[in-house]
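A short reminder: the numbers here are calculations on the coordinates, not readings from a lab. Treat the numbers as computed from the prediction; the structure is a model and nothing was measured. No Cβ is skipped: glycine too gets one built from the backbone with ideal geometry, and neighbour counts run over all protein chains shown.
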Amino acid sequence: METLFENIHLIEALLILGASLLCFLIGFILAALWKNSKIKAIEKEKTELEQETASAKRLQLQYKSEIQNKNKEIKSAKNELIELQNDFQLMKSDLSKMKSANAKLIDDNIEKEKQIKEIVKNPSANSDAPLHKKQQSNAEKLLRITALLGEADSTKRQDLKKIIGISDGIENKLNSFGIFNYRQISRINEESKDLLLELMNLSFDKISSNNWVGQAIEMLAKD
């Protein structure tokens, strides 16, 4: 009888031990599973963080490249601005020179017009203040040209360089002779042409070869 009770107690002890071992095993497995899932979650977070870091680095490189391009564009724009400023200064300088030259030319023409009018009004004045023979001859030629082509207002001059064969230098000479518009050019005849060629010291007849008269008439027709 006592042996039976001992056996029952032994079985109970074994059952309790087995249940304890089973609980421990289950607890160990659950803990292992929990740790495994935690590790996977951490690894997932790590992977996502690495991806975000890589993406941030790509964006950083992209922004850096864009900043460099913008800096190049700004530098290029600054250089263009400097060039434009230099060109503007050169244009201002050229314009100032042109204004000075134009003012001097106008003053010279006004003075020559006064001299011509004075000669016309008082031709005998040459005896009181004798001129060089060639200067007297040129003055007479200018008077004859004015009589043939007519007088013109120097403040209403036209661009004679539009006529082929008339350069800046020739235009300045024509202006100094009192010729400022196309109508005067259109009135050039053989006499006035010869006088102009002599005064301009032209050995080649540009007036006829380039048909100044015909071109001037066309200009007048356009106006």
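Observations on the model:
- Each residue, GLU80 and TRP34, gets one label point 7 Å from its Cα in the Cβ direction; the gap between the two is 6.9 nm.
- Restricting attention to segment 1-103, the count of lysine pairs at 8 or more positions apart or across chains with alpha carbons under 29 Å apart stands at 18.
- Contour excess over end-to-end distance, with Cα ends at LEU143 and ILE8 and 0.36 nm allotted per residue: 32.7 nm
- Pairs over the 22 Å Cα-Cα cut-off, from the set LYS173/LYS222; LYS173/LYS193; LYS156/LYS206; LYS162/LYS193: LYS173/LYS222; LYS156/LYS206.
- Peptides ranked, highest mean first, by Cβ atoms within 10 Å: ranges 156-162, 76-82: 156-162, 76-82
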